[in-house]
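Step one of this worksheet: look at the structure below.
The values are calculated or read from the model by the stated rules, or taken from the named source; none is laboratory data. It should be emphasised that the depicted structure is a prediction, and the values quoted were computed from it without experimental measurement. Virtual Cβ from ideal backbone geometry, glycine too; neighbours counted across all protein chains shown.
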Amino acid sequence: MFDANYYRFLFDEKALAAYENDRRMTARAGEDDIYLCTDTEAMEAIARQLPFSRIDRPEWDTRFLTGLGMTASTDEDVWRQVWDRNEQINQASVPMFLVRAGKPQS
């Protein structure tokens with residue numbers, strides 16, 4: 001599963017400062033800001049209702065999955081392989097991660 005802590009900034013001051021810096025760096029780099037093409041008010045309203053927006057991931061995912069008896073691993077650098085320059089600048093503070101889970105071997 002691929003994901004990121006996209007809306008953590010709604011609940012964490014350090015994440016908010018990093019998100020605001022992403023906006024400044026995106027403008028400074030002359031890149032299109034992906035958040036300007038989004039209904040951010042609606043998206044943030046939804047994110048405020050979702051429990052994962054408050055959780056620091058992917059650490060949580062690994063603990064949860066292993067707690068279920070599954071194998072779990074993460075790749076927190078996968079964004080380097082799949083994001084283009086625009087995504088890397090726009091979302092520097094919320095890098096995409098990969099969580100792998102599987103059945104335990106018998």
Does any residue in region 55-75 that is free of Cβ contacts under 8 Å to residues at least 40 places away in the same chain and of a type in the set (A, V, I, L, M, F, W, C) come within less than 8 Å, Cβ to Cβ, of a residue that is in a helix (DSSP H, G or I) and surrounded by 15 or more Cβ atoms within 10 Å (Cβ to Cβ) six or more places away or on a different chain, and which pairs are these?
Ala72/Asp61; Ala72/Thr62; Ala72/Leu65
Name the single residue that is nearest to Asn5 (Cα to Cα) among those in region 42-98 being surrounded by fewer than 16 Cβ atoms within 10 Å (Cβ to Cβ) and of a type in the set (Asp, Glu).
Asp56
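Which of the residues belonging to region 1-37 are of a type in the set (Val, Ile, Thr) and modelled with pLDDT under 95?
We begin by selecting, within region 1-37, every residue of a type in the set (Val, Ile, Thr); these are 26, 34.
Residue satisfying the conditions is Ile34 alone.
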